[in-house]
Amino acid sequence: MSKQIGKCLCGSIEVECDELPKGAAACYCEDCQKASGGGPSFNLVIPDEKIRIVKGTPCVYKLQAESGNFLERLFCSTCGTAICSKLSSRTVWKAGLFSHVKDIEVAINVWASRSNKLFRVDTDKQTFEKGR
Ligand SMILES: [Zn+2]
Ligand SMILES: [Zn+2]
(Lines give C-alpha, C1' and ligand atoms only; values in the text may rest on other atoms or scores of the structure.)
(Ligands and ions follow the chains in the order given, each with its own letter.)
Protein backbone atom coordinates (compact mmCIF):
# COMPACT_ATOMS: atom_id res chain seq x y z
CA MET A 1 0.00 0.00 0.00
CA SER A 2 1.35 3.43 -0.89
CA LYS A 3 1.86 6.47 1.31
CA GLN A 4 -1.34 7.68 2.97
CA ILE A 5 -2.37 10.87 4.72
CA GLY A 6 -4.67 10.45 7.71
CA LYS A 7 -6.72 13.28 9.22
CA CYS A 8 -8.82 14.05 12.27
CA LEU A 9 -12.40 15.19 11.82
CA CYS A 10 -11.59 18.92 11.61
CA GLY A 11 -8.34 18.54 9.68
CA SER A 12 -6.15 20.27 12.29
CA ILE A 13 -4.09 17.09 12.69
CA GLU A 14 -2.58 15.22 9.78
CA VAL A 15 -0.44 12.14 9.86
CA GLU A 16 1.57 10.61 7.04
CA CYS A 17 2.09 6.86 6.90
CA ASP A 18 4.53 5.18 4.53
CA GLU A 19 2.92 1.76 4.70
CA LEU A 20 -0.43 1.05 6.30
CA PRO A 21 -1.13 -2.39 7.70
CA LYS A 22 -4.33 -3.97 6.40
CA GLY A 23 -5.21 -5.54 9.73
CA ALA A 24 -6.56 -3.57 12.68
CA ALA A 25 -6.87 -4.64 16.30
CA ALA A 26 -10.33 -3.90 17.66
CA CYS A 27 -10.15 -3.02 21.36
CA TYR A 28 -13.34 -3.30 23.40
CA CYS A 29 -11.93 -2.10 26.72
CA GLU A 30 -14.00 0.36 28.72
CA ASP A 31 -11.53 3.18 28.12
CA CYS A 32 -11.85 2.77 24.36
CA GLN A 33 -15.64 2.67 24.64
CA LYS A 34 -15.55 6.01 26.46
CA ALA A 35 -13.10 7.56 24.04
CA SER A 36 -14.90 6.34 20.93
CA GLY A 37 -18.40 7.28 21.97
CA GLY A 38 -19.54 3.76 22.68
CA GLY A 39 -17.84 1.24 20.45
CA PRO A 40 -14.48 -0.42 20.16
CA SER A 41 -11.45 1.45 18.96
CA PHE A 42 -9.75 0.18 15.83
CA ASN A 43 -6.00 0.30 16.20
CA LEU A 44 -3.21 0.02 13.68
CA VAL A 45 0.18 -1.07 14.93
CA ILE A 46 2.69 0.91 12.88
CA PRO A 47 6.46 1.12 13.49
CA ASP A 48 7.49 4.64 14.59
CA GLU A 49 9.71 5.16 11.54
CA LYS A 50 6.80 4.57 9.17
CA ILE A 51 4.40 7.20 10.49
CA ARG A 52 4.62 10.81 11.63
CA ILE A 53 2.42 13.75 12.54
CA VAL A 54 2.90 16.31 9.76
CA LYS A 55 0.36 18.92 10.85
CA GLY A 56 -0.91 20.10 14.23
CA THR A 57 -0.13 19.11 17.81
CA PRO A 58 -2.46 16.72 19.59
CA CYS A 59 -3.45 17.00 23.25
CA VAL A 60 -2.14 14.26 25.52
CA TYR A 61 -4.13 12.44 28.19
CA LYS A 62 -2.02 10.19 30.42
CA LEU A 63 -3.68 7.37 32.29
CA GLN A 64 -3.32 3.88 33.69
CA ALA A 65 -5.30 1.32 31.72
CA GLU A 66 -7.18 -1.64 33.16
CA SER A 67 -4.22 -3.77 32.12
CA GLY A 68 -2.12 -1.82 34.64
CA ASN A 69 -0.05 -0.28 31.87
CA PHE A 70 0.47 3.44 31.70
CA LEU A 71 -0.26 5.02 28.38
CA GLU A 72 -0.87 8.30 26.64
CA ARG A 73 -3.94 8.92 24.54
CA LEU A 74 -3.43 11.63 21.94
CA PHE A 75 -6.42 13.46 20.53
CA CYS A 76 -7.27 16.62 18.61
CA SER A 77 -7.97 19.54 20.92
CA THR A 78 -10.43 21.05 18.45
CA CYS A 79 -12.63 18.13 17.39
CA GLY A 80 -11.73 15.42 19.92
CA THR A 81 -10.78 12.80 17.35
CA ALA A 82 -8.56 10.09 18.81
CA ILE A 83 -5.18 10.09 17.04
CA CYS A 84 -3.08 7.39 18.68
CA SER A 85 -2.25 5.70 21.97
CA LYS A 86 1.35 5.48 23.12
CA LEU A 87 2.08 2.39 25.16
CA SER A 88 5.49 1.59 26.58
CA SER A 89 6.08 -1.06 23.93
CA ARG A 90 4.49 0.54 20.89
CA THR A 91 2.25 3.25 19.51
CA VAL A 92 -1.10 2.28 18.02
CA TRP A 93 -2.83 4.62 15.57
CA LYS A 94 -6.56 4.95 15.17
CA ALA A 95 -7.87 3.43 11.95
CA GLY A 96 -10.47 6.20 11.68
CA LEU A 97 -7.73 8.58 10.58
CA PHE A 98 -7.53 6.45 7.45
CA SER A 99 -11.19 5.51 7.10
CA HIS A 100 -11.00 6.49 3.42
CA VAL A 101 -8.77 3.43 2.95
CA LYS A 102 -11.39 0.79 2.30
CA ASP A 103 -9.37 -2.38 2.66
CA ILE A 104 -8.41 -2.08 6.32
CA GLU A 105 -10.20 -4.79 8.27
CA VAL A 106 -10.26 -6.18 11.78
CA ALA A 107 -7.62 -8.86 12.27
CA ILE A 108 -7.87 -9.43 16.01
CA ASN A 109 -10.13 -8.49 18.92
CA VAL A 110 -8.83 -7.62 22.39
CA TRP A 111 -10.70 -7.07 25.67
CA ALA A 112 -13.70 -8.92 24.21
CA SER A 113 -14.78 -9.62 27.81
CA ARG A 114 -15.80 -5.94 28.04
CA SER A 115 -18.13 -6.05 25.05
CA ASN A 116 -21.85 -5.31 25.46
CA LYS A 117 -25.03 -5.29 23.42
CA LEU A 118 -24.18 -2.12 21.52
CA PHE A 119 -21.91 -4.01 19.18
CA ARG A 120 -21.07 -7.58 18.25
CA VAL A 121 -17.58 -9.02 18.39
CA ASP A 122 -16.69 -10.90 15.21
CA THR A 123 -15.31 -14.03 16.84
CA ASP A 124 -14.32 -15.46 13.45
CA LYS A 125 -11.22 -13.34 14.05
CA GLN A 126 -8.64 -14.16 16.68
CA THR A 127 -10.20 -12.97 19.94
CA PHE A 128 -8.67 -12.33 23.34
CA GLU A 129 -10.80 -11.95 26.45
CA LYS A 130 -8.30 -9.43 27.80
CA GLY A 131 -5.30 -7.60 26.39
CA ARG A 132 -2.34 -9.41 24.94
ZN1 LIG B 1 -9.46 17.84 14.74
ZN1 LIG C 1 -8.99 -0.26 24.56
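Observations
- Hits in segment 84-105 - residues which are of a type in the set (A, V, I, L, M, F, W, C), farther than 20 Å from Tyr28 by Cβ and not in a helix (DSSP H, G or I): Val101
- Scanning segment 53-80 for residues that are within 13 Å of ligand 1 (Cβ to nearest atom) and either of a type outside the set (S, T, N, Q) or surrounded by 19 or more Cβ atoms within 10 Å (Cβ to Cβ) (or both) gives Ile53, Lys55, Gly56, Pro58, Cys59, Leu74, Phe75, Cys76, Cys79, Gly80.
- Test for Val101: is it among the aliphatic types (A, V, I, L, M) and surrounded by 13 or more Cβ atoms within 10 Å (Cβ to Cβ): yes
- Ser2, sole failed condition from (1) away from ligand 1 (no atom under 16 Å from the Cβ); (2) farther than 14 Å from Phe98 by Cβ; (3) not basic (Lys, Arg): (2)
- One residue alone among Ser2, Ser88, Ser99 is modelled with pLDDT under 95 and closer than 27 Å to Asp122 by Cβ, and that residue is Ser99.
- From the list Lys117, Lys130, the lone residue that is surrounded by fewer than 15 Cβ atoms within 10 Å (Cβ to Cβ), without any contact (Cβ under 8 Å) to a residue 24 or more places away in the chain and away from ligand 1 (no atom under 16 Å from the Cβ) is Lys117.
- Taking first residues from segment 71-96 that are away from ligand 2 (no atom under 14 Å from the Cβ) and partners that are among the hydroxyl-bearing types (Ser, Thr, Tyr), the Cβ contacts under 6 Å between residues at least 6 apart in sequence or on separate chains come to Cys76/Ser12; Thr78/Ser12.
The values are calculated or read from the model by the stated rules, or taken from the named source; none is laboratory data. The structure displayed is predicted, hence computed values, not measured ones. All Cβ positions, even for glycine, are placed from backbone atoms using ideal geometry, and neighbour counts span all protein chains on display.
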